[in-house]
Amino acid sequence: MTIFLSSTNEPENDTISQLVLRRLFDDNYNKNTVPLKTSATTVSIEFGIQNIAQVSEISASFTLDLLFSQIWHDPRLRFDHITTCLQNLTLGYSMVDKLWTPNVCFVNSKKTEIHSSPTPNIFLMIYPNGTVWVNYRLQVQSPCLVDLVLFPMDIMNCELIIESYAYNAAKVKLDWREWEPVFSIAKSKLSDFNLAGMHWTKNSFGYAAGQWDQLTVSLIFSRSYGFYILQMYIPTYSSVFLSFVSFWIDLKALPARITLGVSSLMALTFQYGNVAKNLPKVGYVKSIDVYMVLTTAFIFLTMIEVAFVCYLESENNLRKRERQAEKKKERIAVLQKKRDKKKNNYGATTVTNPMVENDLRNNYDEPFQNGAAPVHKSSITRQANNMFESLHALATIGLLTEEDDEQTKWTAQNVDKFCRKAFPLSFCLLNLIYWCYYLLQNYYAKNEALRQFTQNP
C-alpha cells in the first residue's frame, strides 16, 4: 500500500513517519541478521575531527573529539513504496538499538565514549531507498608511536584503526567515503603540538575467523619546541656563559671562581630535572640529553680549568722560589770568588766590600775623615774594576733568570687568557653543529611522515 498525501505540514508528516516506522520495524525485521544474504554489505566511513584535546608522550596517546559517520544500504528499510511524502526519516538515538548496525569500532583505542549533553549524541537518518546514516559524536583516546630521539624537535604519529568487530569482509566491507572522508573542523590549537598532516588508508587483516577490512587514520603531530627554547635552552646558555666569567676573575679570588662554577652546574641540573620529570623513562639518548651533556661538560671543564691554573700557579711559585734560592747561592759564590781573587792580588790587605767603594770621595788623594791612611788612585781603580766585574756577573745571573721566566709560557694568566677565547668560541661552534643537525633531522622526519599522503586512496 502506497500513501499519497498532498499536504506537507508537520503534523501529517509525523503521522506518516509513525506509520512508516510501524511498517519497517514489524515482526519481519530482524536486527541480528545482515541486510544482504548473497553479498557483503558495504559501509562507507566518514571521519570528522571536531577537537584535538590532548597529545601526551607520557601515556603515548592522544585524545580527540570526532564526528563518526557510518553509511550503508539496508533494503529492508526502504519506504519509497510506502509513501512519497517523506524525504527521509530522522530518528532519535534510541532507535539505533532497534536496527541492524555493522558494529564498527576503534580496535586500537584505549577508551571510547559517546558524548552525552544531556542525551547521547547520536544522529540517525533513513532515506527512502533504504540507505542508513548513523553519526556519533565520540571522544576517543588512542595510542601514538612515540620516538623521542629528536626531542624536543620530534614527530609523533598517532593512529586510529577502524574495523567491524563482529563481521568479516565476507559479510561487511568497510570503505572510505568517496569525497574527503577525513577532515578537520577543529578551531582550537594545542599548546605543545601542531597537526602537521593526516592521511588515511585501507588494508586487510587476517584473523583466525577470516579476513577483516581495516581503515586506518594517521595524524602527524609536530612538537612546538618554542617552550623548551625559552624554559630550557636560553637559561642553560645563561648558566654556561656565567661559568665563563670565572676566566676574568683573579686567581687570588679562588673561592669566588669555585662558587660560580658550582652554582652554574646546580642551576643546569635543576633546569634539566624540571624537563626530565615530565618525560617517559626511555632507554635511548634524546636530543636534549646530548645538549645537556654538552653544556655540563663545558661547565665541568671550567672547574677543571680553575684546578689547573691553581696547580700551575703553585708550580710556578715553587719554581720561582727555587730559582731565587739558586740565584742567591750563585751571587754568594760570585762574591766569594771575587773576595778570594782580591786576597790573592793584595795579600793580607783588607778591602771593604765592593759595594762600599761607592762611599769614596771624589778626591781620592786626600785622607778619609776618620783619619785612615790615604789610598792610592791605582788601588782605587783596581777596586772599582773588581766592583764592575762583580756587578756584571750578578747582572748576568739576573738576566739568565729572566730568560728562564720568559720560557715558561704555561702560566695561570696565559691559560686564563687562552680560555677566555677558546671556551666561548668552541661552545658556539658546537651549538651551531647541534642545531643544524637536529633541525635537519626534524625536517627529514616530518617529510618522511607526510610523504605517506601520496598513498591515500
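The values are calculated or read from the model by the stated rules, or taken from the named source; none is laboratory data. Bear in mind that the values here come from a model prediction, so they are computed numbers and not experimental data. Every residue, glycine as well, gets a Cβ built from its backbone with ideal geometry; the counts of neighbours run over all protein chains shown.
Looking at region 263-289, which of its residues are surrounded by 14 or more Cβ atoms within 10 Å (Cβ to Cβ) and in contact (Cβ under 8 Å) with a residue 60 or more places away in the chain?
Those that are surrounded by 14 or more Cβ atoms within 10 Å (Cβ to Cβ) and in contact (Cβ under 8 Å) with a residue 60 or more places away in the chain: L279, V282, K286, S287, I288.
What number goes with the only condition from (1) within 30 Å of the chain's Cα centre (by Cα); (2) buried (at least 18 other Cβ atoms within 10 Å of the Cβ); (3) charged (D, E, K, R); (4) closer than 28 Å to Y167 by Cβ that E57 does not pass?
E57 satisfies every listed condition except (4).
Just the residues that are among the aromatic types (F, W, Y) and either within 23 Å of S39 (Cα to Cα) or in a loop (DSSP other than H, G, I, E, B) (or both), please, taken from region 75-116. Lay out the reasoning, then the answer.
At the first step, the residues of region 75-116 found to be among the aromatic types (F, W, Y) are 79, 93, 100, 106.
Across region 75-116, the qualifying residues are F79, W100.
Quick check: is even one residue across region 63-74 at pLDDT 90 or above, assigned by TED's automatic domain parsing to the domain that holds L190, assigned to a loop (DSSP other than H, G, I, E, B) and surrounded by 13 or more Cβ atoms within 10 Å (Cβ to Cβ)?
Scanning region 63-74, I find at least one residue that is at pLDDT 90 or above, assigned by TED's automatic domain parsing to the domain that holds L190, assigned to a loop (DSSP other than H, G, I, E, B) and surrounded by 13 or more Cβ atoms within 10 Å (Cβ to Cβ), so the answer is yes.
Can you name the residue in region 132-153 that is among the aromatic types (F, W, Y) and part of a strand (DSSP E or B) and is also farthest from L219 (Cα to Cα) among such residues?
Of all residues in region 132-153, those among the aromatic types (F, W, Y) come to 133, 136, 151.
If we keep only those that are part of a strand (DSSP E or B) too, we end up with 133, 136.
Values: W133: 25, Y136: 20 Å.
Ranking the candidates gives W133 first.
Being closer than 16 Å to F47 by Cα, surrounded by 15 or more Cβ atoms within 10 Å (Cβ to Cβ) and aliphatic (A, V, I, L, M) is the requirement here; does M198 meet it? Walk me through how you get there before you give the answer.
Working: closer than 16 Å to F47 by Cα: yes; surrounded by 15 or more Cβ atoms within 10 Å (Cβ to Cβ): yes; aliphatic (A, V, I, L, M): yes.
Yes; evaluated as a whole, the condition is true for this residue.
Could you please find all residues in region 277-325 being in contact with a Cys (Cβ under 9 Å, 6 or more places away or on another chain) and not hydrophobic (A, V, I, L, M, F, W, C)?
Once the filter is applied, which keeps residues that are in contact with a Cys (Cβ under 9 Å, 6 or more places away or on another chain) and not hydrophobic (A, V, I, L, M, F, W, C), region 277-325 yields T302, E305.
Results for (1) surrounded by 11 or more Cβ atoms within 10 Å (Cβ to Cβ); (2) among the small types (G, A, S); (3) at positive phi; (4) within 38 Å of the chain's Cα centre (by Cα), shown as yes or no for each residue.
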| position | (1), (2), (3), (4) |
| --- | --- |
| Y291 | yes, no, no, yes |
| T295 | yes, no, no, yes |
| F298 | yes, no, no, yes |
| T302 | yes, no, no, yes |
| E305 | yes, no, no, yes |
| S314 | yes, yes, no, no |
| N317 | yes, no, no, no |
| K320 | yes, no, no, no |
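Can you tell me which residue among S246, S238 is under 30 Å from I299 (Cα atoms), crowded, with 17+ Cβ neighbours inside 10 Å, modelled with pLDDT of 90 or more and assigned by TED's automatic domain parsing to the domain that holds V275?
Matching residue, one of S246, S238: S246.
Which of (1) closer than 23 Å to P424 by Cβ; (2) outside any helix (DSSP H, G or I); (3) among the small types (G, A, S) does S264 not meet, given it meets every other one?
Only one criterion in (1) closer than 23 Å to P424 by Cβ; (2) outside any helix (DSSP H, G or I); (3) among the small types (G, A, S) is unmet by S264, namely (2).
I'd like to know if region 120-131 contains one or more residues that are of a type outside the set (F, W, Y), farther than 21 Å from V96 by Cα and not in a strand (DSSP E or B).
No, that holds for no residue.
Per-residue answers, yes or no, for (1) in a strand (DSSP E or B); (2) of a type in the set (V, I, T); (3) in contact (Cβ under 8 Å) with a residue 40 or more places away in the chain:
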site: K189; (1), (2), (3): no, no, no
site: A196; (1), (2), (3): yes, no, yes
site: T201; (1), (2), (3): yes, yes, yes
site: F205; (1), (2), (3): yes, no, yes
site: Q214; (1), (2), (3): yes, no, yes
site: V217; (1), (2), (3): yes, yes, yes
site: I220; (1), (2), (3): yes, yes, yes
site: I229; (1), (2), (3): no, yes, no
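So T83 fits all but one of (1) closer than 30 Å to V282 by Cβ; (2) touching a helix residue (DSSP H, G or I) at 6+ places or on another chain (Cβ under 6 Å); what number is the exception?
It is condition (1) that T83 fails.
Can you name every residue in region 128-148 that is more than 20 Å from S164 (Cβ to Cβ), touching a residue at least 40 places away in the same chain (Cβ under 8 Å) and buried (at least 16 other Cβ atoms within 10 Å of the Cβ)?
Residues satisfying the conditions are P128, R137, Q139, Q141, P143, C144, V146, L148.
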